[in-house]
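Down below is the structure, laid out as structure tokens.
Throughout, read-outs are computed from the coordinates displayed, never taken from laboratory work. As the structure is a computational prediction, the values presented were derived from the model and not from experiment. Neighbour counts run over all protein chains shown; Cβ positions are idealised from the backbone, glycine included.
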Amino acid sequence: MNTIFNVTQKQLYDFLLNVATIRPVFIWGAPGIGKSAIVENFASELGLHCVSLLGSQLAPEDIIGVPQIKDGYSVFCPPKMIARDEPYCLFLDELNACSQEVQKAFYSLIHERRIGEFTLPEGTIVIGAGNRAQDNAIVKPMSSALINRMVHVQLRASHKDWLEWAYTHEIHPYVIEYIQMRPDHLWSEPPKTEEPFSTPRSWHMLSDCLYAYGNSLQEQTIDLLASSCLSAQTASQFKAFIKQVQSKYDLAKIIQGELRWPDQPDERDLLYFMAQSFRAQLLKELPNEHTTLKGNQRQLAFRAKDLIKDLSSISLEIAQMVVSEQKGEALPAWFMLEVIRDLPRLVAKKEG
């Protein structure tokens, strides 16, 4: 779905507050990024009961009700869950997973806020949500008539918003610290195959699992839990992160020259994680233009070349990973020119 605007969790709250109170809203987004939780919290903050209907499990009669004979006439009796006396928030989750017949049953409910002769109580809010076709979820084409009855917005995962939420919801410290270090790992594209993948929801699940084991967390247990909840690559790096937390190594001390890179064969996963974290820090702190370098950034750039050189002596492949473009993200061009000038062997081997 090509929507006009992508919003973060905080922006979606504001959008719902201003738009959903006057028009039905449909929230597009990948699985596990918090669409349902946001709607439920939004309704709670307004003092409204949230009634959730799961589109993939509905039949038309679940919406329009069933006929009953009254005074010689057939009258449709709307479902008790929908036909309420007080205003509420009607959340149509997985709306685009409905069959075409169910979608048609929603036409008057969404546009005119009525089912047959029953009209939704004044002040009732209608919000729909669903995954996108590229998410490998259960979705069906949404009719143009249904699309045109709602205001559409797309939710994206925001590590800043999620971390702010995590601080107040007792998410496990290991999870919070990891996402602080690797915010790009909060969410990953749903895979083409049937396997776990990283989302805000799966990180929450991992947090619960870590708490369940308490202080008896062993390396094998962490490996099991992470692999059960997260994308394979992220699970491997999370395991390495825990090893770093429990070991003597600290990236800040390595950058400051107080420690060296881990160089033992059994520390290769730890080395890979720390190198990835080092690359993420360079992407975050080095400016795109050399002319805007500040003092601390200049020191980091100077130190980074030495660290990449030391890293290449331990693992040329991991050093190349630090300087290579990944998922469209590349280190600043001016810094790469200095790497090419000072470390031609590294770049030559990488290009070869």
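Quick notes on this structure:
- Taking max minus min of the alpha-carbon positions on each principal axis, the range 241-322 gives extents of 42, 24, 18 Å, largest first.
- J(HN,Hα) series, the range 288-300, from Karplus relation 6.51 cos²θ - 1.76 cosθ + 1.60, nearest Hz, glycine and proline x: 5, 10, 4, 5, 9, 4, 9, x, 5, 5, 5, 5, 5
- Residues in the range 210-229 that a label on residue 246 would reach, taking backbone N under 17 Å of a point 7 Å out along Cα→Cβ: 210-228
- The residue 71 and residue 143 beta-carbon pair, evaluated with R₀ = 41 Å, returns a calculated FRET efficiency of approximately 0.70.
- Computed from point charges on the beta carbon alone (+1 for Lys and Arg, -1 for Asp and Glu), the dipole magnitude for the chain about its Cα centre is near 860 Debye.
- Here is the list for the range 161-249: trypsin sites (Lys or Arg not before Pro) lying in DSSP coil, each with at most 11 other C-beta atoms within 10 angstrom of its C-beta, are 192, 248.
- Restricting the GluC sites (Glu not before Pro) of the range 146-179 to loop positions (DSSP other than H, G, I, E, B) with no more than 16 neighbouring Cβ atoms within 10 Å leaves 170.
- Flagged links, alpha-carbon separation over 27 Å, of 140/239; 248/284; 239/294: 140/239; 239/294
- For the pair residue 305 and residue 86 in one chain, pulling the backbone fully straight at 0.36 nm per residue adds 72.3 nm over the alpha carbon distance.
- DSSP-defined antiparallel bridges as percent of all bridges, the chain, nearest 5: 30
- The Cα atoms of the chain cover 90, 49, 36 Å along the three principal axes, with the biggest extent listed first.
- Spatially proximal aspartates and glutamates relative to residue 160 (Cα-Cα < 15 Å; intrachain offsets below 8 disregarded): 177, 184
- FRET E, pair residue 228, residue 193, Förster distance 22 Å, beta-carbon r, rounded to 0.05: 0.90
- In a DSSP loop and with at most 10 other Cβ atoms within 10 Å, the trypsin sites (Lys or Arg not before Pro) in the range 290-323 are 294.
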